[in-house]
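Report on one structure; see the data block that follows.
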Amino acid sequence: MRKYYYCAKGIIYKELLRFLKEKSRFFSALVRPLLWLFIFSVGFKSALGLAIIPPYESYITYETYIVPGLVGMILLFNGMQSSLTMIIDKEMGSMKILLTSYINRNFLLFCKMFATAIVSTIQAITFLIVAYLYGIELTFSGVLLAIPIILFTSIILNAFALFISSVIKQLENFAAIMNFVIFPMFFLSSALYPLWKIKDSSLLLFNVSSCNPFTYIVESIRFALYLKFDLFTFYVICISFFLMLSLAFIGYKSKKVLKKS
Amino acid sequence: MKTNILELENVSHKYDKAMVLKEVSFFIEEASFFVLLGLNGAGKSTLFSLLTRLQSLQSGSIKINGFIIQNYTKALKDIGIVFQEPTLDLDLTVRQNLYYYGALKGLSFKETIASIKEELTNLELDEKLDTKVQKLNGGHRRRVEIVRSLINKPKLLLLDEATVGLDLKSRFDILDYLRTKVQKGDLSVLWITHLFDEVQESDSLAIIHKGEILATGTAETIIAEYKQADLTQTFRHLTRENPDA
């Protein structure tokens, strides 16, 4: 067990070092959701009326509604950033160092996802603090409960990103993934609009959004922030966790690590 | 009697339909310096990626320290690896890079530095521990990678074209350092290269060409067997190709 502890510690240590050294990455990850909160939501709040929907017990402003979605955005884009790093690592060769360890490869990959999730969680909490200072109604206990949920759901998105990095052989293909996977995943979810609003406009988009795991990631954060629990959402994120983890592990099975050399 | 630290038996590998390794067999005895010599495209890097489990074995068998490669948690435990391309994180210091690698070998930060104290001194790196890797020259970066590969006190060190891009002095400093460690009985080395001047007559050697092993033995006995003047002539005789071309 000792070797697993030191191994996990080393991987988290490196990820945190990178995080501290790349301050621009931290700020750019924060600026994106803040722009949505300060600008996008202000423009949309008059156009969008929101009914009382769980977990909210009264009418809420649009800014309040999109905060959990923007936390999801941080996790999603941070996971993708990490995936990008993995592709660079693969091209530069440093990924090989990780994969040639004698310690169980799935454990190493899990540690990598967990380490990235810690960084994402720090960014998400920072965003929530700024949102609170901006006037969004949040409670300390809600944020506290949301932390493990943010960490857990971040691992799901990191596993998905890891799987993508195993499929992409070259960095140039990353832009295509952003356009065809990440943006649809974000927009076809309940991050920006409640599902019933989408249903009013298009049944097809509603059905697609209802099948999108990211919808449930956002909803789980939303429920946690308001100290509520939704069993169905919990089931979906648990299933997503095991599914994405399996995909990431399969993606990095040895025969798929290297392209022809 | 010496035991074998590495055994390859009938290892074949193909990409789609192209056969890149054909029934490769050889073994490395403990405490020996073994050179795998071949031109670019001979299959050396593919073989290296099979030994390090970056690619799955398709056919044949590889045993490291008595364990089959599929049992990688045991087979890879006592090996050190130096890749052809640089694998250090340039934004981190030497110490931070070593800590990270040590952790991947299951060692604490303290144990990591303690285990390579001697190597750091011998390779004149102890004063560069807190220097960012990007500030080091190519020779020093390579030395850091050599030291890093010794963190877990490996029984077998695998090096793939480890001196490519280095000046003559740096190349032979690294070679001499590793040969000394082998002579002390601390280590076995698989030195994969295309550079003929890195082979000494007493070295155990396998010549690989187009995925096939053409000759094995010490460099001296191979040259004598084919009645050639030197290793370059022997290689030309065996492959009908000019290694200098």
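The values are calculated or read from the model by the stated rules, or taken from the named source; none is laboratory data. This one's a predicted model, so the numbers in the text were calculated from it and none came from an experiment. Positions of Cβ are backbone-derived with ideal geometry, glycine not excepted, and every protein chain shown enters the neighbour counts.
Looking only at segment A:191-218, which residues are part of a loop (DSSP other than H, G, I, E, B), modelled with pLDDT under 90 and of a type outside the set (Phe, Trp, Tyr)? Matches in segment A:191-218: A:Ala191, A:Leu192, A:Pro194, A:Ser202. With the condition kept exactly as written, say whether any residue in segment A:229-237 is of a type in the set (Val, Ile, Thr) and within 14 Å of chain B (Cβ to nearest Cβ). No: zero hits. Of the helices (runs of 4 or more DSSP H) contained entirely in segment A:1-84, those carrying at least 2 residues that are within 14 Å of chain B (Cβ to nearest Cβ) fall at A:2-21, A:23-35. Hey, can you tell me all the residues within segment A:181-201 that are of a type in the set (A, V, I, L, M), buried (at least 18 other Cβ atoms within 10 Å of the Cβ) and under 24 Å from A:Ile164 (Cα atoms)? Those that are of a type in the set (A, V, I, L, M), buried (at least 18 other Cβ atoms within 10 Å of the Cβ) and under 24 Å from A:Ile164 (Cα atoms): A:Ile182, A:Met185, A:Leu188, A:Ala191. On the basis of being modelled with pLDDT of 95 or more and surrounded by 15 or more Cβ atoms within 10 Å (Cβ to Cβ), does A:Val257 make the cut? In short, no.
Yes or no, residue by residue, for (1) over 13 Å from B:Leu158 (Cβ atoms); (2) of a type outside the set (Gly, Ala, Ser); (3) within 9 Å of chain A (Cβ to nearest Cβ):
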site	(1), (2), (3)
B:Gly38	yes, no, no
B:Phe48	no, yes, yes
B:Thr52	no, yes, yes
B:Gln58	yes, yes, yes
B:Phe67	yes, yes, no
B:Tyr72	yes, yes, yes
B:Ala75	no, no, yes
B:Val82	no, yes, no
B:Val94	yes, yes, no
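Residues that are more than 30 Å from B:Thr73 (Cβ to Cβ), out of contact with any Pro (no Cβ under 8 Å at 6 or more places or on another chain) and crowded, with 21+ Cβ neighbours inside 10 Å do not occur anywhere in segment B:140-160. Does A:Ala176 fit the bill of being touching a helix residue (DSSP H, G or I) at 6+ places or on another chain (Cβ under 6 Å) and in a helix (DSSP H, G or I)? No; evaluated as a whole, the condition is false for this residue. Could you check, for segment B:101-116, whether at least one of its residues is away from chain A (no Cβ under 14 Å) and either out of contact with any Phe, Trp or Tyr (no Cβ under 8 Å at 6 or more places or on another chain) or over 29 Å from B:Thr193 (Cβ atoms) (or both)? Yes, some residue in segment B:101-116 is away from chain A (no Cβ under 14 Å) and either out of contact with any Phe, Trp or Tyr (no Cβ under 8 Å at 6 or more places or on another chain) or over 29 Å from B:Thr193 (Cβ atoms) (or both). No other residue among A:Thr85, A:Thr64 is buried (at least 19 other Cβ atoms within 10 Å of the Cβ) and farther than 30 Å from B:Arg148 by Cα apart from A:Thr64.
The condition of being hydroxyl-bearing (Ser, Thr, Tyr) and without any contact (Cβ under 8 Å) to a residue 24 or more places away in the chain holds for only one of A:Ser202, A:Ser166, A:Ser220, that being A:Ser202. In segment B:161-203, the qualifying residues are those that are under 16 Å from B:Leu51 (Cβ atoms) and not hydrophobic (A, V, I, L, M, F, W, C), and the one that is surrounded by the fewest Cβ atoms within 10 Å (Cβ to Cβ) is B:Glu161. When we screen B:Ala245, B:Ala215 for residues that are at pLDDT below 90 and closer than 30 Å to B:Ala18 by Cβ, the only hit is B:Ala245. Figure legend. Inter-residue proximity from segment B:111-124: first residues surrounded by 12 or more Cβ atoms within 10 Å (Cβ to Cβ), second residues among the hydroxyl-bearing types (Ser, Thr, Tyr), beta-carbon distance below 6 Å, spacing 6+ or different chains. Indicated pairs: B:Thr112/B:Tyr99. In segment B:229-239, the count of residues that are out of contact with any strand residue (DSSP E or B) (no Cβ under 8 Å at 6 or more places or on another chain), of a type in the set (D, E, K, R) and surrounded by fewer than 18 Cβ atoms within 10 Å (Cβ to Cβ) is one or more. The residue that is surrounded by the most Cβ atoms within 10 Å (Cβ to Cβ), counting only those in segment A:88-125 that are part of a loop (DSSP other than H, G, I, E, B) and either more than 10 Å from chain B (Cβ to nearest Cβ) or at pLDDT 75 or above (or both), is A:Ser101.
Filtering A:Leu245, A:Leu204 for residues that are more than 14 Å from every other protein chain (Cβ to nearest Cβ) and surrounded by fewer than 20 Cβ atoms within 10 Å (Cβ to Cβ) leaves a single hit, A:Leu204. Taking helices (runs of 4 or more DSSP H) as the structural unit, those lying wholly within segment B:134-245 and holding at least 3 residues that are under 17 Å from B:Thr87 (Cα atoms) and of a type outside the set (Gly, Ala, Ser) correspond to B:138-149. The number of residues in segment A:126-151 that are under 25 Å from A:Glu15 (Cβ atoms) and surrounded by fewer than 17 Cβ atoms within 10 Å (Cβ to Cβ) comes to 7.
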